[in-house]
Amino acid sequence: GPLADLRFLVQGQRPAPDIITIVAIDDRTAQEAGGYPLPRAALARLVTELADRQPKVIALDLLFVDPGPAEGDRLLSESLRKAPSVLAAAGLFTGPLQSLPAEEPSGLDRVPVAQQLLMPFSGLADAAAVGVVNVATDRAGTPRHVPLLLRSGDRTFSSFPLRAVSVAMRQDPAVHPGGVEVGDKFISTDTGYSLPLRFYGGRGTIRTVSAAEVLQGDVAESAVRDRVVVVGATVTAGGDVFPTPFDPVLPGVEVLATAVSHLLTGDGLVRDQRTRALDVAAALGFPVVFILLLAWHRSMVGLALASLLSLAWVGFTMVAFSEGFWISAALPIAA
């Protein structure tokens with residue numbers, strides 16, 4: 001993780017593709033609405049305002065597990081039907097990840113299995129598509145992957161980013177060994193169809209507008225028309241945040257929007273069977289080369305060459321990372 005973060009910092013921030021707009025339910029929105037969470041009638045007005053500007057899809061990174069006031073739910077359901085829309089679900093993992101039967105197709109046996117899935121209640125689920133918002137973090141809490149598929153019971157569910165992209169493109173993705181095909185792009189994935197994250201920068205790198213501006217009609221139509229719009233909470237103490245190399249408190253909605261961008265443009269990291277095979281080959285080959293160098297009668301020269309080889313590998317991984325290939329620096333050096 002730290003070595004990956006170092007490579008992000010060496011690479012530097014990158015401009016995000018101008019195809020996604022985040023609509024943030026921020027402190028200003030909560031203040032003007034009278035509190036957080038927003039009343040569902042207010043969310044209905046927000047979705048209606050966005051739908052009138054004709055986005056490709058409106059994806060709400062908000063959980064609607066329980067019914068609310070009947071009138072608010074009715075208004076929100078009606079507004080969701082006015083434009084292609086996606087709602088969030090969340091998997092609960094109460095123990096170690098389960099393994100699926102061996103007869104599962106290759107790759108699907110490594111898909112995360114949730115003990116329980118929190119789905120939108122039926123009154124809203126019928127009005128929109130549903131995607132799972134879980135992300136996979138390392139031990140420091142930094143998100144590294146977004147699982148594109150998740151299992152619960154005997155069903156397989158698409159992730160929130162994958163569902164948003166499929167609705168935006170009006171085309172279901174095709175799952176192949178080693179990745180998914182979205183439109184005319186094949187997106188390579190890591191183990192268990194997880195998508196590696198390649199952060200663009202800190203908060204706001206992906207175009208972000210306040211939901212309060214949308215509700216007041218102050219957002220330009222060009223910021224929404226023909227775009228993927230992701231709605232999520234950034235209100236203080238009300239939204240999920242994650243530490244990343246560029247920002248210690250990156251909003252969760254921006255993490256999901258980053259994954260959406262990777263699926264649309266193919267500009268994410270490649271961490272697949274090929275890169276892992278290269279990791280293993282280096283981890284097996286380096287110790288052999290080091291032993292041969294240290295066995296050389298000029299031991300100081302052997303030590304110097306071994307050190308140069310280690311530095312060369314680190315440099316190679318940094319160059320590869322800047323080109324979008326996530327090759328392990330830690331494993332070969334540890335070996």
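The values are calculated or read from the model by the stated rules, or taken from the named source; none is laboratory data. In this text the structure is predicted, and so the values were computed from the model without any measurement. We place every Cβ from the backbone using ideal geometry, glycine too, and count neighbours over all the protein chains shown. For accessibility, only protein heavy atoms count, side chains too; no ligands or nucleic acids. Shrake-Rupley method; radii C 1.70, N 1.55, O 1.52, S 1.80 Å.
Would it be correct to say that Glu181 is surrounded by fewer than 23 Cβ atoms within 10 Å (Cβ to Cβ), touching a Pro at 6+ places or on another chain (Cβ under 7 Å) and not hydroxyl-bearing (Ser, Thr, Tyr)? Reasoning before the result, please.
On the way: surrounded by fewer than 23 Cβ atoms within 10 Å (Cβ to Cβ): yes; touching a Pro at 6+ places or on another chain (Cβ under 7 Å): yes; not hydroxyl-bearing (Ser, Thr, Tyr): yes.
Answer is yes for this residue.
Consider Gly201 against the criteria (1) open to solvent by less than 10 Å² (accessible area, probe 1.4 Å); (2) closer than 22 Å to Ala88 by Cβ; (3) assigned to a loop (DSSP other than H, G, I, E, B): it satisfies all of them except one. Which criterion is unmet?
It is condition (2) that Gly201 fails.
Determine the pairs where a residue that is more than 15 Å from Val214 (Cα to Cα) and at pLDDT 95 or above, located within segment 33-60, has a partner that is acidic (Asp, Glu) and open to solvent by less than 60 Å² (accessible area, probe 1.4 Å) with Cβ atoms under 7 Å apart, the partner being 6 or more residues away or on another chain.
Arg40/Asp73
Looking at segment 131-154, which of the residues that are over 16 Å from the mean Cα position of the chain (by Cα) and in a strand (DSSP E or B) is surrounded by the most Cβ atoms within 10 Å (Cβ to Cβ)? Reasoning before the result, please.
Applying the first criterion (over 16 Å from the mean Cα position of the chain (by Cα)) to segment 131-154 yields 139-140, 151-154.
Checking the rest, the ones that are also in a strand (DSSP E or B) come to 151-152.
Details: Arg151: 22, Ser152: 18.
Taking the candidates together, the pick is Arg151.
Are any residues in segment 26-83 among the β-branched types (Val, Ile, Thr) and assigned to a helix (DSSP H, G or I), and if so, which ones? Show your work before the answer.
Our first condition is that a residue be among the β-branched types (Val, Ile, Thr); within segment 26-83, this holds for 29, 47-48, 57-58, 65.
Those that are among the β-branched types (Val, Ile, Thr) and assigned to a helix (DSSP H, G or I): Thr29, Val47, Thr48.
Can you tell me how many residues in segment 223-247 are over 18 Å from the mean Cα position of the chain (by Cα) and either buried (at least 18 other Cβ atoms within 10 Å of the Cβ) or farther than 20 Å from Tyr36 by Cβ (or both)?
In the first step, residues of segment 223-247 are kept if they are over 18 Å from the mean Cα position of the chain (by Cα); the result is 223-226, 235-238.
Next, from what is left, pick out any that are either buried (at least 18 other Cβ atoms within 10 Å of the Cβ) or farther than 20 Å from Tyr36 by Cβ (or both): 223-226, 235.
Final tally of qualifying residues: 5.
For Pro17, which of the numbered conditions (1) part of a loop (DSSP other than H, G, I, E, B); (2) farther than 19 Å from Asp226 by Cα fails to hold?
(2)
With (1) free of Cβ contacts under 8 Å to residues at least 40 places away in the same chain; (2) within 17 Å of the chain's Cα centre (by Cα) as the list, and Phe290 as the residue in question, which single condition is left unmet?
(2)
Could you count how many residues in segment 33-87 are open to solvent by less than 60 Å² (accessible area, probe 1.4 Å), closer than 28 Å to Leu264 by Cα and touching a strand residue (DSSP E or B) at 6+ places or on another chain (Cβ under 8 Å)?
19
For residues that are farther than 11 Å from Ala283 by Cβ and open to solvent by 60 Å² or more (accessible area, probe 1.4 Å), scanning just segment 313-335, find the one that is nearest to the chain's Cα centre (by Cα).
Here the residue is Phe325.
What single numbered condition from (1) of a type in the set (D, E, K, R); (2) surrounded by fewer than 21 Cβ atoms within 10 Å (Cβ to Cβ); (3) under 30 Å from Pro69 (Cβ atoms) fails to hold for Arg163?
Checking Arg163 against (1) of a type in the set (D, E, K, R); (2) surrounded by fewer than 21 Cβ atoms within 10 Å (Cβ to Cβ); (3) under 30 Å from Pro69 (Cβ atoms), the one that fails is (2).
Given the conditions (1) out of contact with any Pro (no Cβ under 7 Å at 6 or more places or on another chain); (2) open to solvent by less than 30 Å² (accessible area, probe 1.4 Å); (3) not polar (S, T, N, Q), which single one is not true for Val260?
Among (1) out of contact with any Pro (no Cβ under 7 Å at 6 or more places or on another chain); (2) open to solvent by less than 30 Å² (accessible area, probe 1.4 Å); (3) not polar (S, T, N, Q), the lone unmet condition for Val260 is (1).
Which one of the conditions (1) closer than 20 Å to Gly232 by Cβ; (2) in contact with a Gly (Cβ under 8 Å, 6 or more places away or on another chain); (3) open to solvent by less than 30 Å² (accessible area, probe 1.4 Å) does Ile187 fail to meet, given that it meets all the rest?
(1)
Provide a single number: the residues in segment 111-126 that are part of a loop (DSSP other than H, G, I, E, B) and surrounded by fewer than 18 Cβ atoms within 10 Å (Cβ to Cβ).
The first filter runs over segment 111-126 and keeps only residues part of a loop (DSSP other than H, G, I, E, B), leaving 111-112, 114-115, 119-121, 126.
Checking which are surrounded by fewer than 18 Cβ atoms within 10 Å (Cβ to Cβ) leaves us with 115, 121, 126.
Going through segment 111-126 one residue at a time, the tally reaches 3.
Contact list please: Cβ distance under 7 Å, first residue in segment 249-266 and on the phi > 0 side of the Ramachandran plot and of a type outside the set (Val, Ile, Thr), second residue outside any loop (DSSP other than H, G, I, E, B) and open to solvent by 10 Å² or more (accessible area, probe 1.4 Å), pairs at least six apart or on different chains.
Gly266/Lys185; Gly266/Ile187
For Val224, all conditions in the list (1) farther than 17 Å from Ala83 by Cβ; (2) at pLDDT 95 or above hold save one; what is the number of the exception?
Evaluating Val224 over (1) farther than 17 Å from Ala83 by Cβ; (2) at pLDDT 95 or above leaves (1) as the failure.
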